[in-house]
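The structure appears right after this line, and notes come after that.
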Amino acid sequence: MSEIHDLAATIQSRKGADPDSSWTAKLFAKGPEKCAEKFGEEAIEAIIEAVKGDRAKLVSEAADVIYHLLVMLTARDVTLAEVEAELARRAGTSGLEEKAARG
Ligand SMILES: N=c1c2ncn([C@@H]3O[C@H](COP(=O)(O)OP(=O)(O)OP(=O)(O)O)[C@@H](O)[C@H]3O)c2ncn1[C@@H]1O[C@H](COP(=O)(O)O)[C@@H](O)[C@H]1O
């Protein structure tokens, strides 16, 4: 399985785990709003590195963003498979076409 799928499964396995045993479980224990706040923080850190043009730090922050996105989704019982299905639904339709079709 891909790294992201493995990570999603690991994150799912932390639901209900002892918060002292795991960063992920600690986030879940704080609630979905906190998980969303943390995702936002990491997204801003990635934006800063992208603006600065620091490739190495952008790679690291992007990994933080993907991890915290998966935590935020899992906190609301949204699966990676559901997001992939949405991306598959969009495949082949240009963003320009999609926007124009909204009327
Ligand atoms: N990919 C990650 C991952 N990315 C980031 N983090 C943690 O997210 C936390 C981010 O907290 P902070 O924002 O305070 O730290 P920071 O952003 O690095 O630094 P600041 O600039 O924000 O201060 C740190 O503790 C990181 O270690 C992660 N913690 C876990 N994982 C993965 O999730 C798995 C399960 O982790 P546990 O649930 O902790 O066992 C691990 O095996 C990893 O594969």
**Prompt:** Which of the residues belonging to the stretch 48-103 are in contact (Cβ under 8 Å) with a residue 60 or more places away in the chain, within 13 Å of the ligand (Cβ to nearest atom) and among the polar types (S, T, N, Q)?
**Reply:** THR74
**Request:** Test GLU45 against the criterion of being at pLDDT 95 or above, in a helix (DSSP H, G or I) and away from the ligand (no atom under 11 Å from the Cβ), and give yes or no.
**Result:** no
**Message:** What's the number of the only condition in (1) at pLDDT 95 or above; (2) outside any helix (DSSP H, G or I); (3) more than 11 Å from the ligand (Cβ to nearest atom) that ALA17 fails to meet?
**Reply:** (3)
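Check the stretch 86-101 and report whether any residue there is under 24 Å from THR24 (Cα atoms) and of a type in the set (D, E, K, R).
No, the stretch 86-101 has no match at all.
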**Request:** Starting from the stretch 21-40, take each residue that is free of Cβ contacts under 8 Å to residues at least 24 places away in the same chain and on the phi < 0 side of the Ramachandran plot and list its partners that are part of a helix (DSSP H, G or I) and surrounded by fewer than 19 Cβ atoms within 10 Å (Cβ to Cβ), counting only C-beta distances under 7 angstrom and pairs at least six apart or across chains.
**Result:** ALA25/PRO19; LYS26/PRO19; ALA29/PRO19
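The values are calculated or read from the model by the stated rules, or taken from the named source; none is laboratory data. Note that this is a predicted model, so its numbers are computed, not measured. Heads up, the Cβs are rebuilt from the backbone with ideal geometry, glycines too, and the neighbour counts pull from every protein chain shown.
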